[in-house]
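Note sheet for the following structure.
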Amino acid sequence: MKISTIPKDMGNQSIILHLKDGAPDKWHKYPTKDVIVDRCVVQPQIIYSGDSNNRKIIANAIVYFYADITMPMPELTREDVGSTLTFEDKEYTITQIIDNRNPFSNELWSYEVEVL
């Protein structure tokens, strides 16, 4: 059984993923490989954590990648936290990756990537 997703023409944004690629150098900088990803959904927003006077920003946007829509569909792991992406000429750092699976087949359905 297949769970529904958004229509293809709603995935109308593109980003450039700058994923870590290899071991860090002596300054703890990782080489990167750049991947242009089309047909994703970027929702700029500010997400806070905490309460009252003790709030901090934990994300400036969420990027959604859908398995049947996003081209190419990236393969993200927890090691990709800390990598960056570029959207509308602004660079963001990946802070959290949520891997959503199809409950009927356990295949990847989407990623929700929080960026700061």
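The values are calculated or read from the model by the stated rules, or taken from the named source; none is laboratory data. Computed from a predicted structure; not experimentally measured. Reconstructed Cβ throughout: ideal geometry from the backbone, glycine too, with neighbour counts over all protein chains shown. Surface accessibility is based on the protein's heavy atoms, side chains included, excluding ligands, DNA and RNA. Shrake-Rupley method; radii C 1.70, N 1.55, O 1.52, S 1.80 Å.
Does residue 50 satisfy being of a type outside the set (Asp, Glu), loosely packed, with under 11 Cβ neighbours inside 10 Å and in contact with a Pro (Cβ under 7 Å, 6 or more places away or on another chain)?
no
Return yes when residue 86 is surrounded by 15 or more Cβ atoms within 10 Å (Cβ to Cβ), closer than 14 Å to residue 116 by Cα and over 10 Å from the mean Cα position of the chain (by Cα) and no when it is not.
When the stated conditions are applied, residue 86 passes them.
Do we have any residue at all in segment 3-26 that's in contact (Cβ under 8 Å) with a residue 24 or more places away in the chain, under 15 Å from residue 108 (Cβ atoms), among the basic types (Lys, Arg) and in contact with a Phe, Trp or Tyr (Cβ under 8 Å, 6 or more places away or on another chain)?
No, every residue in segment 3-26 fails to be in contact (Cβ under 8 Å) with a residue 24 or more places away in the chain, under 15 Å from residue 108 (Cβ atoms), among the basic types (Lys, Arg) and in contact with a Phe, Trp or Tyr (Cβ under 8 Å, 6 or more places away or on another chain).
Would you check if residue 6 is at pLDDT 90 or above and surrounded by 10 or more Cβ atoms within 10 Å (Cβ to Cβ)?
No, not satisfied.
Kindly list, by first and then second residue, each pair from a residue in segment 93-113 that is closer than 16 Å to residue 19 by Cα to a residue that is assigned to a loop (DSSP other than H, G, I, E, B) and modelled with pLDDT of 95 or more, limited to pairs with Cβ atoms under 6 Å and residues at least 6 apart or on different chains.
Within 6 Å, the pairs are 97/76; 111/76.
Would you mind telling me which numbered condition in (1) surrounded by fewer than 16 Cβ atoms within 10 Å (Cβ to Cβ); (2) under 19 Å from the mean Cα position of the chain (by Cα); (3) modelled with pLDDT under 90; (4) under 30 Å from residue 105 (Cα atoms) residue 75 fails?
(3)
Let me confirm something: among 56, 20, which residue is surrounded by 15 or more Cβ atoms within 10 Å (Cβ to Cβ) and of a type in the set (D, E, K, R)?
Among 56, 20, only 20 is surrounded by 15 or more Cβ atoms within 10 Å (Cβ to Cβ) and of a type in the set (D, E, K, R).
Report those strands (runs of 3 or more DSSP E) wholly inside segment 1-111 carrying at least 3 residues which are of a type in the set (Asp, Glu).
Fully inside segment 1-111 and qualifying: 32-51.
Need pairs with beta-carbon distance below 9 Å; first residue under 16 Å from residue 95 (Cα atoms) and touching a residue at least 12 places away in the same chain (Cβ under 8 Å) and within segment 69-80, second buried (at least 18 other Cβ atoms within 10 Å of the Cβ) and of a type in the set (S, T, N, Q); sequence gap 6+ or separate chains.
Close Cβ pairs (under 9 Å, with a partner that is buried (at least 18 other Cβ atoms within 10 Å of the Cβ) and of a type in the set (S, T, N, Q)) amount to 76/83.
Going by the structure shown, is residue 33 open to solvent by 80 Å² or more (accessible area, probe 1.4 Å) and touching an Asp or Glu at 6+ places or on another chain (Cβ under 7 Å)?
yes
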